[in-house]
1. From the list L96, L161, L114, L155, which one is assigned to a helix (DSSP H, G or I) and of a type outside the set (V, I, T)?
2. Within region 81-131, track down each residue that is among the hydroxyl-bearing types (S, T, Y), open to solvent by 20 Å² or more (accessible area, probe 1.4 Å) and within 19 Å of T71 (Cα to Cα).
3. Which of (1) outside any loop (DSSP other than H, G, I, E, B); (2) modelled with pLDDT under 95 is the odd one out, the single condition G101 does not satisfy?
4. Could you tell me which numbered condition E137 fails, if it satisfies all but one of (1) among the charged types (D, E, K, R); (2) in contact with a helix residue (DSSP H, G or I) (Cβ under 7 Å, 6 or more places away or on another chain); (3) open to solvent by 20 Å² or more (accessible area, probe 1.4 Å)?
5. Looking at (1) touching a Lys or Arg at 6+ places or on another chain (Cβ under 9 Å); (2) under 17 Å from Q17 (Cα atoms); (3) modelled with pLDDT of 95 or more, which one does E135 not meet, given that it meets all the others?
6. Within region 39-65, can you find the residues that are touching a helix residue (DSSP H, G or I) at 6+ places or on another chain (Cβ under 7 Å) and either aromatic (F, W, Y) or more than 17 Å from A187 (Cα to Cα) (or both)?
7. Hey, among L155, L190, which residue is buried (at least 16 other Cβ atoms within 10 Å of the Cβ), at pLDDT below 90, under 23 Å from G11 (Cβ atoms) and not basic (K, R)?
8. Within region 12-29, work out how many residues are open to solvent by less than 70 Å² (accessible area, probe 1.4 Å) and within 18 Å of E135 (Cβ to Cβ).
Amino acid sequence: GALGFTGTFEGKPISVQSVGMGGPSAAIYYTELFQLGAQRLIRVGTAGGLGDNMRMGDTIVALSATPDDPTTAVLTNGEAHAPTATYALVERAVQLARAQGGRVHVGAVVTSPLFYDPRPGLMQRWRERGHLGVEMEVSVLYTLAAIHRREAAALCTVSDLIGDSGDSERISDEELKRGVDQMMRIACDLLRLPR
């Protein structure tokens with residue numbers, strides 16, 4: 001029941017596919033997209049902001065993802081792996097975001113298995129180790145891209161600002177629309193880049 005669309009963006013073919021929420025769901029869709037021949041996947045979504053000086057609607061470009069979700073370990077048979085984006089896509093995403101005048105942050109995110117995580121102090125520890133945000137799919141995307149030798153990058157709009165205790169401040173509808181619109185323009189431009 002997940003929606004998918006194929007069409008064109010400025011004359012170039014593009015497909016958009018929803019993947020559900022969380023690593024196990026996303027792994028199904030990412031794997032099948034690679035099986036169907038996809039060469040480059042750009043994840044777009046939201047993240048809870050952990051970084052200092054973040055604002056609602058800012059864009060996070062995930063250079064890497066710490067896998068708190070066990071799906072990544074299952075995909076690598078428990079072997080250590082550092083899920084990392086395709087650098088050329090990260091570099092271009094940052095250039096595009098800055099050209100649009102948007103606020104962009106580049107670095108590590110955490111892929112969590114839970115939307116409402118009850119573990120005390122966890123958000124503070126992630127923040128102290130330099131993570132910019134928490135989301136639910138990026139480490140799985142980057143791991144599968146490595147396994148299939150494909151390109152991948154992830155862009156997240158900051159939809160919540162998460163405090164050290166796990167409390168959060170939510171984004172307004174207007175801020176969310178503005179942030180998502182910017183993120184989507186960047187993603188579509190990334191998909192047009194030559195391979």
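1. Numbers: L161 fails: assigned to a helix (DSSP H, G or I); L114 fails: assigned to a helix (DSSP H, G or I); L155 fails: assigned to a helix (DSSP H, G or I).
Only one candidate passes the filter, namely L96.
2. Here is the first cut: in region 81-131, the residues among the hydroxyl-bearing types (S, T, Y) are 84, 86-87, 111-112, 116.
Filter once more, keeping what is open to solvent by 20 Å² or more (accessible area, probe 1.4 Å): 84, 86-87, 116.
Once the filter is applied, which keeps residues that are among the hydroxyl-bearing types (S, T, Y), open to solvent by 20 Å² or more (accessible area, probe 1.4 Å) and within 19 Å of T71 (Cα to Cα), region 81-131 yields T84, Y116.
3. (1)
4. That leaves (3) as the condition not met.
5. In the conditions (1) touching a Lys or Arg at 6+ places or on another chain (Cβ under 9 Å); (2) under 17 Å from Q17 (Cα atoms); (3) modelled with pLDDT of 95 or more, E135 misses (2) alone.
6. L50, M56, A65
7. L190
8. The qualifying residues number 10.
The values are calculated or read from the model by the stated rules, or taken from the named source; none is laboratory data. Predicted model only: the values in this text are computed from it and were never measured. Note that we place each Cβ from the backbone using ideal geometry, even for glycine, and neighbour counts take in every protein chain shown. Surface areas here come from the heavy atoms of the whole protein model, side chains and all, with no ligands, DNA or RNA. Shrake-Rupley method; radii C 1.70, N 1.55, O 1.52, S 1.80 Å.
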